[in-house]
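Undergrad: One structure coming up, written as C-alpha cells, with questions to follow.
Please treat every number below as a calculation from the coordinates, not as lab data. Since we're looking at a predicted model, the values are computed, not measured. Every residue, glycine among them, receives a Cβ derived from its backbone with ideal geometry; neighbour counts consider all protein chains shown.
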Amino acid sequence: MNYWLFKSEPNAYSYDDLVVDSTAEWDGVRNFQARNYLRDSIKAGDLVLFYHSNAKPPCVVGTASVVRSGYPDYTAWDPRSDHPDPKSSPDNPIWYMVDIQAKERFKQPISLNEIRGNYLLSEMLLLRRGMRLSVQPISEEHYAIICHLGQIDKI
DNA sequence: GCCAACGTTGGC
DNA sequence: GCCAACGTTGGC
C-alpha cells in the first residue's frame, strides 16, 4: 500500500464536499508528473492525506482512501469541462484520474506551519522549495505521524 | 494583491 | 536543443 497527499483549494473542492459526495473523481490534474502518479502508481486501497491549499491557514484536514485506480480523465475531451485539453481523446487519453472516498476528518487540522515546525516531517515533499505538485507521494511514517497529530486512527 | 518558483510553449 | 515569454500554483 502507498500513501499520498492530494491538494485541493477548498474554494474549488473542499473536504466537506468530499464528505457530502462520499466518493469523488479526482479529475482535472494537468501536470505530467502528477499524471504519472495517477496513471501508474496510485492504486485502490492506497491512503490519502487531504490538504487544503490556498486556505487560511493551508492545512491537512482529513484522510481519504483510493477506491479506483488510475483511468483516463474523460473531462479532458469535454469542451464544457473546467479543464478541457483538445489534444486528449478517448483513443489517446493524456490525462488520468482516480476515485477517492472520504475516510476520517481530523479532529485537529494540521497546518503547513505545524508541519514545517516538526522535525519528524522535515523531509516531506510538501516543504520542498517550490514543490507545487498537487498529487505527491508521502512515506507511511509521515502519514502515520500526521494522522496522530490530527488525532485520528491511522487506518 | 504580490511574487517566487515552476512548467509549458514556441521561435529560432 | 536553447531559452524567453507566458501562465499557473500557492504561500504570504
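Undergrad: If you take the charge dipole of the range A:18-82 about its Cα centre, with +1 on Lys and Arg Cβ and -1 on Asp and Glu Cβ, which of A:T75, A:C59, A:S22 is farthest toward its positive end?
TA: Selected residue: A:C59.
Undergrad: Determine the sum of side-chain charges near A:K154: Lys and Arg each +1, Asp and Glu each -1, restricted to other residues whose C-beta is under 10 angstrom from that of A:K154.
TA: -3
Undergrad: Taking the Cβ of A:M131 as the centre, find all other residues whose Cβ is under 15 Å away and add up their charges (Lys, Arg: +1; Asp, Glu: -1).
TA: Neighbour charge sum, excluding A:M131 itself: +4.
Undergrad: Once fully extended, how much extra length lies between A:Y13 and A:K87, figured as 0.36 nm per residue of separation less the alpha-carbon to alpha-carbon distance?
TA: Length gained, A:Y13 through A:K87: 24.1 nm.
Undergrad: So, with +1 on the Cβ of K and R and -1 on the Cβ of D and E, and no other charges, what is the size of the charge dipole of chain A about its Cα centre, to the nearest 20 debye?
TA: So the dipole magnitude of chain A works out to roughly 460 debye.
Undergrad: Here's another thing I want to ask about it. Each label point is 7 Å from the Cα along the Cα-to-Cβ direction; what then is the distance between the points at A:S111 and A:Q151, in nm?
TA: 1.6 nm
Undergrad: Over all alpha-carbon pairs in chain A, figure out the percentage whose distance exceeds 20 Å.
TA: For chain A, the fraction of Cα-Cα distances above 20 Å is 47 percent.
Undergrad: Which order do the peptides A:92-102, A:118-128 take when ranked by the mean count of other beta-carbon atoms within 10 Å per residue, highest first?
TA: In descending order of packing, they fall as A:92-102, A:118-128.
Undergrad: Right, another one. Could you work out how far apart the two model spin labels at A:S122 and A:Q33 are, taking each label as a point 7 Å from the Cα in the direction of the beta carbon, and quote it in nm?
TA: If labels sit at A:S122 and A:Q33, their model points lie 2.2 nm apart.
Undergrad: With each run of n ≥ 4 DSSP H residues scored as -39500 (n - 2.57), what mean residue ellipticity at 222 nm is computed for chain A after dividing by its residue count and rounding to the nearest 500 deg cm²/dmol?
TA: -4500 deg cm²/dmol
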